[in-house]
Amino acid sequence: MDINIGEKIKKLRKEKEMSIAELANKSDLSSSLISQIERNMVTPSIVSLWKIAQSLEVSVGYFFDEEVKDIANPIVRRNERKKIIASNNNAMYELLSPDLNRKIEFLYITIKPGDYSSKDLVTHEGEECGIVIKGRLMVKMKDKEYILEEGDSIYFDSTIPHKYINIGDEECISIWAMTPPSF
């Protein structure tokens, strides 16, 4: 199933009676970028999508969640995970939770060698905890850097600006729990 993020942004913006210029100003993005995203000419970065979601007062998950899953079936099969590919195309987020209508979300994040989860440090409400399953990961925060090896975990307040960087020479795979859901 294809998800039309641009169409959803445009529809929500119009429902809130907001112009492209107003959304651009509120999200600290350019009007031309918002217009290109709405027309699906460009795929927004994770950071841009966070800014747009925050400006429209929804979670990032709003743009991806198509339906509420049957709670009686709590299983998410490997080949049925919702995927979000960062605009650098080198980080992929897979939702391990059945949907985004829960109090916590779990993400399976894959980052190629030398790449990162987002270009800029991000901040959002809540807390997160992650564990490195494969590779080496640097969690860069506003004033500190933490190096995680396979099996290492980290827990922090998500309001601290942060990003993940693969500092190894192989793909880095990590699993993250975030509450409240930020996607």
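The values are calculated or read from the model by the stated rules, or taken from the named source; none is laboratory data. Keep in mind that what you see is a predicted model, and the values were worked out from it rather than measured. Cβ atoms come from the backbone with ideal geometry, glycine included; neighbour counts cover every protein chain shown.
What tally of residues in segment 41-60 results from selecting those that are within 11 Å of residue 5 (Cβ to Cβ) and more than 9 Å from the chain's Cα centre (by Cα)?
Of the residues in segment 41-60, the ones within 11 Å of residue 5 (Cβ to Cβ) are 42-44, 48-49, 52-53, 60.
Applying the additional criterion that residues be more than 9 Å from the chain's Cα centre (by Cα) yields 42-44, 48, 52-53.
Residues that pass the stated criteria total 6.
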When restricted to 114, 130, the only residue of a type outside the set (A, V, I, L, M, F, W, C), outside any loop (DSSP other than H, G, I, E, B) and closer than 18 Å to residue 149 by Cβ is 130
Restricting segment 95-111 to residues that are aliphatic (A, V, I, L, M) and outside any strand (DSSP E or B), the one nearest to residue 76 (Cα to Cα) turns out to be 96
Residue hits (segment 137-183; outside any strand (DSSP E or B), of a type outside the set (D, E, K, R) and within 15 Å of residue 113 (Cα to Cα)) are 167, 168
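Would you call residue 123 under 18 Å from the mean Cα position of the chain (by Cα), modelled with pLDDT of 85 or more and outside the structural domain of residue 59 (by TED's automatic domain parsing)?
Working: under 18 Å from the mean Cα position of the chain (by Cα): yes; modelled with pLDDT of 85 or more: no; outside the structural domain of residue 59 (by TED's automatic domain parsing): yes.
Against the criterion (under 18 Å from the mean Cα position of the chain (by Cα), modelled with pLDDT of 85 or more and outside the structural domain of residue 59 (by TED's automatic domain parsing)), residue 123 does not qualify.
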Does residue 97 fit the bill of being in contact with a helix residue (DSSP H, G or I) (Cβ under 6 Å, 6 or more places away or on another chain) and touching a residue at least 40 places away in the same chain (Cβ under 8 Å)?
-> no
| query | Taking the stated definitions as given, is residue 13 out of contact with any strand residue (DSSP E or B) (no Cβ under 7 Å at 6 or more places or on another chain), at pLDDT 90 or above and closer than 25 Å to residue 180 by Cα? | reply | yes
